[in-house]
1. For every helix of n ≥ 4 consecutive DSSP H residues, a contribution of -39,500 (n - 2.57) applies; sum these over the chain, divide by its total residues, and give [θ] at 222 nm rounded to the nearest 500 deg cm²/dmol.
2. Work out which trypsin sites (Lys or Arg not before Pro) in the chain are exposed loop sites (DSSP not H, G, I, E or B, at most 14 other Cβ within 10 Å) and give the longest gap free of them.
3. Using a 1.4 angstrom probe, figure out how much accessible area the chain has per residue, in square angstrom, rounded to the nearest whole.
4. If the cut-off is 14 Å between C-alpha atoms, which aspartates and glutamates fall inside it for LYS25, apart from same-chain ones fewer than 8 positions away?
5. In nanometres, what is the gap between the two model label sites at ARG113 and GLU159, each 7 Å from Cα along Cα-to-Cβ?
6. Under 16 Å from a point 7 Å along the Cα-to-Cβ line of ASP35: which residues of segment 131-171 have their amide N that close?
7. Give the lysines whose C-alpha is closer than 23 Å to that of LYS22, dropping any in the same chain fewer than 8 places away, or say none.
8. Return a whole-number percent for the relative contact order of the chain, with Cα pairs under 8 Å and 6 or more residues apart as the contact set.
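The values are calculated or read from the model by the stated rules, or taken from the named source; none is laboratory data. All of these numbers come straight from a predicted model, not from anything done at the bench. As a convention, Cβ positions derive from the backbone with ideal geometry for all residues, glycine included, and neighbour counts pool all protein chains shown. For accessibility, only protein heavy atoms count, side chains too; no ligands or nucleic acids. Shrake-Rupley method; radii C 1.70, N 1.55, O 1.52, S 1.80 Å.
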Amino acid sequence: MPDAKTIAIYNEKAAEYAALTKTAKPDESLQAFIDLMPEGGRVLDLGCGPATASVHMRAAGLSPDPVDASPRMVEFANQNHNIGARVATFDDIKGTDEYDGVWANFSLLHAPRQKLPEHFSAIHQALKPAGILHLGMKTGSGTARDAIERLYTYVSIDELKNMLTNAGFAIVFTREGVEKGLAGTADPFVIMRAKKETNA
């Protein structure tokens, strides 16, 4: 089950988070992901929040499936964008060969470390052959709450690469950086794109 305190914070701050993440056009990472998708491609927006990314994907001709564990985020997304968002957790990833891409942008960092391999395997199964996973995670070690009490699992680059490789992915892109988020702190992060290997 998702951490109750983390979900409560996202429920409370849905509008604030939407304002923070709103962009007139896709950022560099999202545009690169969109460019890799086939025309009309189906994308799981995992931990969609206010569905900012899904709105951009829909505008680009893709078919997003936005899901989030926060009911208020889902409500906000549907009220503002009529995007078909639905309440679901990481444990609800069950499909096989359903998606051309999975957009997991700073969402799986809320999953317990011991569950990450299971989630990556489920994502691998849900992707079509040669499907693309975009993954954003905060880097570091251990588990801790941030300044607004959200629970994070921090990972090292090597740890993440090993998990993805073990799940059957080939890592095709890695970028590290530092960014300020909802809690107001500047934190190190990694962006990875990984392809479902067709022989896995």
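1. Estimated from H runs of four or more residues: -9500 deg cm²/dmol.
2. The answer is 95-200.
3. Averaged over the residues of the chain, the accessible area is 47 Å².
4. Hits, sequence-local ones excluded: ASP35.
5. Reported label-point gap for ARG113 and GLU159 is 0.4 nm.
6. Of the residues in segment 131-171, 134 have backbone N under 16 Å from the label point off ASP35.
7. LYS13, LYS138, LYS180
8. 18
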